[in-house]
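Below: one structure, written as structure tokens.
Throughout, read-outs are computed from the coordinates displayed, never taken from laboratory work. Model, not experiment: these values are computed from the prediction. All Cβ positions, even for glycine, are placed from backbone atoms using ideal geometry, and neighbour counts span all protein chains on display.
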Amino acid sequence: MRALVVGGAGFIGSHLCRALLQSGHTVTCMDNFSLGTERNISDLTERAGFLLCRGDASEEAALRSVFVEAKPDYVFHLAANSDIRASAQNPEVEYQNTYSTTFQILNCMRRYGVKRMFFASTSAVYGDKRDILLDEHTPDLAPVSYYGAAKLGAEALIHAFSYMNDIRALVFRFPNVIGPGLTHGVIYDFIRKLEKDPKRLEILGDGRQTKPYIYIRDLIDAICQFMDGEEDGVTLYNVGVSGETSVTGIADVICREKGLFGVTYCYTGGEGGWKGDVPRFRYGLDNIHKAGWQARYTSDEAVEMTVRAALAERDA
């Protein structure tokens, strides 16, 4: 298979490129390096079957040239602004990096007759619904962040293009993804804050924000397991883990692994870390479990493994 991974130098995308190559596929990675890094794919650039194309998927001409060169059979769409807090200050980032990229990718698929795609969506499309179990049939989706809104709009585009052009699309809605090579997020931020001041740690919100964290290897395994499904139209799954982890709990793990004791936690206050942050939610996973997939690692295990990997990377 000839795979095009848009956003392939990002955190999730680079892991996916690696897995696809290991499975024998040819991989073209397209990235504008706004969040992705060359370090993420440094081990891939000289491998047979891997091609790196620098460019912005929200720009039609750049994307069309990649489609012409790569001639993909399957498009994996991971291009997005994944730093939700940053986009709260600049919603244009979501329009360009998340929504516009989706339209341009789908339009190129229509133009060049590509019929298979994967799209990385998010639990943020549900909005702030704390008292109900969120599953794929939850009605009245009402995102509270620009990020969630752009992802939900992208899902709508995928449904329309899929129907009009006989595209088979796999869409995963997942929560926070963590693991080796993190480029942002609470673990990334806490480690750097403690390097600057090992006695004091600022924690946004009240520290009781509690969310499920999925390990990157589990997510990649799920993509690889379901990407060749034969159902027509759009196949949608919540993808997640058992359990959840609090922000203060993450701080505790990092301090313990760094051998720091007596660190003063300074909370900024409020339920969420920033406006648009959903402090807790209940995530339904029955559908993907019935389809034959379950995460190997709990949320707490994913956090512990990620912290150890991140600290080892800092020491390398």
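Alpha carbon centre of region 225-243 versus region 24-73: separation in Å? When both Cα centres are located, 24 Å separates them.
Here the chain is treated with +1 on each Lys and Arg Cβ and -1 on each Asp and Glu Cβ, and its dipole about the Cα centre works out to around 320 debye. For the charge dipole of region 130-284, defined by +1 on Lys and Arg C-beta atoms and -1 on Asp and Glu C-beta atoms about the Cα centroid, which residue among Ala150, Ile187, Gly229 has the Cα displaced farthest towards the positive pole? Comparing the listed Cα positions along the dipole, Ile187 ranks first.
Averaging the Cα positions of each part gives two centres, and for region 122-149 and region 6-23 these lie 27 Å apart.
Annotation: amide H of Thr245 within the under-5 Å range of Lys211, Tyr213, sequence separation 5 or more or interchain, hydrogens built in the peptide plane. Taken about its Cα centre, region 1-137 carries a charge dipole of about 460 debye when Lys and Arg each add +1 at the Cβ and Asp and Glu each add -1 at the Cβ.
Here's how it looks for Met30: its modeled amide H is under 5 Å from those of Val5, Val6, Gly7, Gly8, Cys53, which are all 5 or more places away or on a different chain. Note on region 249-306: with charges restricted to the Cβ of Lys and Arg (+1) and Asp and Glu (-1), its dipole about the Cα centre is near 140 debye. May I ask for log10 I(q)/I(0) of region 167-264 at q = 0.10, 0.16 Å⁻¹, from a Debye sum over the Cα atoms as equal point scatterers with solvent left out? So the normalised log intensities work out to -0.38, -0.76. Per-residue Karplus couplings for region 78-94, computed as 6.51 cos²θ - 1.76 cosθ + 1.60 with θ equal to phi - 60°, are listed in order as 10, 6, 5, 7, 9, 9, 4, 5, 5, 6, 4, 8, 8, x, 4, 4, 5 Hz, Gly and Pro entered as x. Residues Leu236, Leu51, arranged from fewest to most other Cβ atoms within 10 angstrom of their Cβ, appear as Leu51, Leu236.
Averaging over all projection directions, the Cα-based convex hull of region 49-89 occupies 3.9 nm² in the image plane. When only Cα pairs under 8 Å and 6 or more residues apart are kept, what is the percent relative contact order across region 40-174? For region 40-174, the relative contact order is 27 percent. Sorting the segments 220-233, 21-34 by their residues' average number of neighbouring beta-carbon atoms within 10 angstrom, most packed first, yields 21-34, 220-233. With the highest mean first, a sort of the peptides 52-64, 120-132 on other beta-carbon atoms found within 10 angstrom per residue produces 120-132, 52-64. For Asn176, the residues whose amide H sits under 5 Å from its own are Ile214, ignoring neighbours fewer than 5 places away on the same chain, with H placed 1.01 Å from N.
Projecting the Cα atoms of Phe33, Gly249, Gly207 onto the charge dipole of the chain, computed from C-beta unit charges around the Cα centre, puts Phe33 farthest toward the positive end. If you wrap the Cα atoms of region 229-316 in a convex hull and average its projected area over all directions, you get 9.1 nm². Distances between every pair of Cα atoms in the chain, grouped in 20 Å steps from 0 to the bin holding the largest one, split as 33, 59, 8 percent. Relative contact order of the chain: 18 percent, from C-alpha pairs under 8 Å at least 6 residues apart in sequence. Peptides 3-13, 138-148, 97-107, ordered by how many other C-beta atoms sit within 10 Å of their residues on average, highest first, read 3-13, 97-107, 138-148.
Taking the square roots of five times each eigenvalue of the Cα gyration tensor of region 196-250, the equivalent ellipsoid has semi-axes of 36, 13, 9 Å, listed largest first.
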